[in-house]
Amino acid sequence: MSALRTISTLKTMTTAPKLKVLISGAGIAGPVLAYWLARTRLDASITVVERSPSPRVTGQSIDIHGPAIDIVQKMKLAEAILSRHTTEEGTVMLNEKGKECVRFDAGTETFTAEYEILRADLCEIFMDATYKFPNIKYKFGDYILSLDQTEKDVNVAFANGSKETYDVVVAADGGISKTRSMILDETITKDSYNFLGQYTAFFSIPSKPTDPKLWRYTGRAKGIGLMMRPHRNPSTVGVYLIITMPAHGVRDPVVEEAMEKGTEATKKMLHQYFGNVGWEAKRILEGMDGAEDFYMARAAQVKLPKWTNGRAAVLGDAAHATYGVGTTLAIEGAYILAGELGKIESSKDVPAALERFEEVFRPLYKKDEDLPPMFPQMLCPQTALGIRVMHSVLWMVAKTKT
């Protein structure tokens, strides 16, 4: 990708424009953007504000593909990421009796990737890489309350009562970003958040010596699914409890009510939904009750016709939450955005730099923007017959990978 060579040439420019940058979100895209901005010729002062009171320690297994691998290699972080691999050796589908019926070994075109890592571990690696730069600072337990753009700057009010002025503001605060609507007009954000009809609870439970180093998945009728995945930490395994509706946009009122009430109500609801599904459900639910890293989320896709507005932009999942490639897109987008900002001659060039970022990155994003047909419903059928058909199709696919 020619865009990935952008930053390497910027140090040769002599002028060092001052730039005061605010990034909302300390997940994946935010720290990567901060890192690469600090690597440009800019005399940048970079603040990353994060709503959470401390770095998040929860999150599912995620992976990195394609050009994003080149970027982490340029950051000299590939070895650190590989050293925190989840140890997952492949994926198996189990029938209702817990018997293996489909297997995919780890590989570049299977469910388990070479760069497979827990989200919290990857966030920590990226944040650690930024600490060496004195011009990057983090503000935890705070968030943007409002922002007001002028031709020359962006005035920001924070939840803690403070106010600051910046040259550029970037929202990298996830698919349910609160900052997105402050940056983009309602006509742009309307219908941008698309619920995929799937809920997933994530948490860790104690491991057993008999647990294999495999991603194990078993499904039941009505879109019920249970997954277990190995962790680098041998004392725990990751669990995913999935409730999938028949179509995108369809919500389960019982699940919605429980999530609205909070963690305890949500766990109680999951006991009702998964109590009689067999396999490892009893062990999983007992472990869930004591899990401190529990959270439940809605699967969604974010699609926007525009990512930038004046001196502000959205980045990562806040701009284009995309199932399966969100991490890769977040890393690529952060790198390219830093590269375009690094070319400016003065603060007045910021809006044009953001426009160039979108011109460069959107064609790359469009290659991955669409979900597979009938996804995720095709992997979580509503009937026992549908599950058997899904297993048969995946068995044939697996045979082509051997």
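Applying the Karplus parametrisation 6.51 cos²θ - 1.76 cosθ + 1.60 with θ = phi - 60° to the phi angles of region 37-43, what ³J(HN,Hα) value in whole Hz is obtained for each residue in order, glycine and proline being reported as x?
Ordered by residue, 3J(HN,Hα) equals 4, 5, 7, 7, 6, 4, 8 Hz.
Provide the per-residue ³J(HN,Hα) series for region 369-379, in order, calculated from phi with Karplus coefficients 6.51, -1.76, 1.60 and θ = phi - 60°, each as a whole number of Hz, with x at glycine and proline positions.
6, 8, 7, x, x, 6, 8, x, 4, 5, 8
Over all directions, how big on average is the projection of the convex hull of the alpha-carbon atoms in region 149-230, in square nanometres?
10.2
Per the Kirkwood treatment, what hydrodynamic radius in Å, one decimal, follows for region 251-380 from the mean inverse distance over all distinct Cα pairs?
Every distinct Cα pair counted, the radius reaches 18.0 Å.
Which percent of the Cα-Cα distances in region 189-314 go past 24 Å?
36
With just the Cα atoms defining each centre, how far is region 327-402 from region 289-305? Give it in Å.
Centre-to-centre (Cα) distance: 18 Å.
Using only DSSP helix segments of four residues or longer, with each worth -39500 (n - 2.57), what per-residue ellipticity at 222 nm results for the chain after dividing by its residue count and rounding to 500?
Per the formula, -9500 deg cm²/dmol.
Pick out, from I144, F158, Y365, the residue whose Cα sits farthest towards the positive end of the charge dipole of the chain, with +1 on the Cβ of Lys and Arg and -1 on the Cβ of Asp and Glu.
Y365
In µm²/s, what is D for the chain at 4 °C and 1.567 mPa s, where D = kT/(6 pi eta Rh) by Stokes-Einstein and Rh is the Kirkwood radius from Cα pairs?
The estimated diffusion coefficient comes to 58 µm²/s.
Could the peptides 226-236, 271-281 be put in order, highest first, of the mean number of other beta-carbon atoms found within 10 Å of their residues?
226-236, 271-281
Short version: ³J(HN,Hα) in whole Hz for each residue of region 118-131, in order, from phi by Karplus 6.51 cos²θ - 1.76 cosθ + 1.60 (θ = phi - 60°), x for Gly and Pro, what are they?
Using θ = phi - 60°, the values come out as 6, 4, 4, 5, 5, 4, 4, 4, 5, 5, 4, 5, 8, 5 Hz.
Please report, in Å, the Rg and the Dmax of region 322-402, where both are computed over Cα atoms only.
20.2, 63
Starting with the highest mean, order 358-368, 122-132 by the number of other Cβ atoms within 10 Å, averaged over the residues of each peptide.
Highest to lowest by the protection proxy: 122-132, 358-368.
Add +1 for every Lys or Arg and -1 for every Asp or Glu among the other residues with Cβ under 12 Å from the Cβ of R119, and state the total.
Value of the local net charge: -4.
Lys/Arg Cβ at +1, Asp/Glu Cβ at -1, dipole of the chain taken about the Cα centre: which of T179, G66, M296 is farthest positive-ward?
The residue sitting farthest along the positive end of the dipole is G66.
Computed from the coordinates by the stated procedures, all read-outs in this text should not be read as laboratory data. Source: prediction; values computed, not measured. Here Cβ is always computed from backbone atoms with ideal geometry, including for glycine, and neighbour counts include all displayed protein chains.
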